[in-house]
Every structure is written in C-alpha cells, then in structure tokens.
1. Can you go through V8, V109 and tell me which one is open to solvent by less than 40 Å² (accessible area, probe 1.4 Å) and closer than 16 Å to R124 by Cα?
2. Pick out the one residue from E80, E34 that is part of a strand (DSSP E or B), within 23 Å of R129 (Cβ to Cβ) and either open to solvent by 40 Å² or more (accessible area, probe 1.4 Å) or of a type in the set (V, I, T) (or both).
3. Exactly one of (1) open to solvent by less than 30 Å² (accessible area, probe 1.4 Å); (2) assigned to a strand (DSSP E or B); (3) more than 16 Å from L123 (Cα to Cα); (4) out of contact with any Phe, Trp or Tyr (no Cβ under 6 Å at 6 or more places or on another chain) is unmet by Y24. Its number?
4. Out of all the residues in the range 57-65, is one or more open to solvent by 60 Å² or more (accessible area, probe 1.4 Å), in contact with a helix residue (DSSP H, G or I) (Cβ under 9 Å, 6 or more places away or on another chain) and among the basic types (K, R)?
5. Please tell me if L74 is outside any helix (DSSP H, G or I), under 19 Å from R124 (Cβ atoms) and of a type outside the set (D, E).
6. Checking the conditions here, which among L99, L68 is over 12 Å from the mean Cα position of the chain (by Cα), open to solvent by less than 30 Å² (accessible area, probe 1.4 Å) and either under 18 Å from V8 (Cβ atoms) or modelled with pLDDT of 90 or more (or both)?
7. Return the total of residues in the range 74-96 being in contact with a strand residue (DSSP E or B) (Cβ under 6 Å, 6 or more places away or on another chain) and either at pLDDT below 95 or over 16 Å from V18 (Cα atoms) (or both).
8. Residue by residue through the range 37-56, note down the ones that are part of a loop (DSSP other than H, G, I, E, B), surrounded by 13 or more Cβ atoms within 10 Å (Cβ to Cβ) and of a type in the set (A, V, I, L, M, F, W, C).
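The values are calculated or read from the model by the stated rules, or taken from the named source; none is laboratory data. The structure displayed is predicted, hence computed values, not measured ones. When we count neighbours, we look across all protein chains shown, and the Cβ atoms used for this are built from the backbone with ideal geometry, even at glycine. With ligands, DNA and RNA removed, areas are computed over all heavy atoms of the protein, side chains included. Shrake-Rupley method; radii C 1.70, N 1.55, O 1.52, S 1.80 Å.
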Amino acid sequence: MITYKTRVYYEDTDAVGVVYYANYLKWMERARTEWLHHLGLSLASLNQQACMLVVHHIDISYRSPARLEEQISLRCRLTEVGAGRVRMYQSVEREEQVLVEGYVTLALVDSETFKVKRFPKELRERLMREVI
C-alpha cells in the first residue's frame, strides 16, 4: 500500500469550504500515478509501449467530507491482478478516519485500438507481488 499526502486547497472546495465530490476522483487518480512510480513505472513508459491504463469501473462511497486546509492521505492498495485488468482499493483519509473509499478496476488497453491487452509477463509478475 502506498500513501500520498496532500492538503485541501481552495480550488478543491465549494462555496462553504467542503470538497467537491468529483475532486476525490482526481485525488485517486494522482494516488494511482504515484503508485505506478512506486513500482518503477510511469504512464509515459506505458505510452511508449502503445499501452494505456484506463478506468474500466469504479465503485465509490462518500462517508464524510474533507474541508478547506485539512491535510489528507490518499491510500492505494492492489487487490487483484488479472490477465489485462487490475483492481485496487483506494481511500481518502483524514488522520485515521476514512472519508471516501472505493474500488477501481483498471484495464490495460492498446493506445490505438483501445482493446484490452494482456499484461506483459514481467509487468504482471511485478503487479502480483503488490497484491495485498
């Protein structure tokens, strides 16, 4: 599991200082990008191989709002690896309180055809070592 910390900025909130719901999805995307870097990968390196990781499905629960200037932690944990898809648990937390959590399924697709591809053997093995 990786943890990425950030602060809630004015641009993240609505008129009363509460985080706008769509911004949690942006934070989750950033956490996934940091997770890739943690693995020694990058979106750019995947693009060079004519591959993209795209969101196939997301199931999200909003439990409690984050507010202006709070420090939050974005957590990312791989739970399943398939031939061309992975599933992750992600959460946005304030201290130990889960504010938002969800499961995201990502698919590896060909960047020209957008059809699902199998993970290269080396990448799949690296991903399998990350499953918790």
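1. Within the list V8, V109, the selection yields V109.
2. That would be E80, the only listed residue that is part of a strand (DSSP E or B), within 23 Å of R129 (Cβ to Cβ) and either open to solvent by 40 Å² or more (accessible area, probe 1.4 Å) or of a type in the set (V, I, T) (or both).
3. Of (1) open to solvent by less than 30 Å² (accessible area, probe 1.4 Å); (2) assigned to a strand (DSSP E or B); (3) more than 16 Å from L123 (Cα to Cα); (4) out of contact with any Phe, Trp or Tyr (no Cβ under 6 Å at 6 or more places or on another chain), only one is false for Y24: (2).
4. Step one: of the range 57-65, the residues open to solvent by 60 Å² or more (accessible area, probe 1.4 Å) are 57-59, 62-63.
Still in the list and also in contact with a helix residue (DSSP H, G or I) (Cβ under 9 Å, 6 or more places away or on another chain): 58, 62.
If we keep only those that are among the basic types (K, R) as well, we get none.
No; the residues of the range 57-65 include none that is open to solvent by 60 Å² or more (accessible area, probe 1.4 Å), in contact with a helix residue (DSSP H, G or I) (Cβ under 9 Å, 6 or more places away or on another chain) and among the basic types (K, R).
5. No, not satisfied.
6. L99
7. 15
8. Our first condition is that a residue be part of a loop (DSSP other than H, G, I, E, B); within the range 37-56, this holds for 39-42, 49-50.
Checking which are surrounded by 13 or more Cβ atoms within 10 Å (Cβ to Cβ) leaves us with 39, 41, 49.
Listed by number, the residues that qualify are L39, L41.
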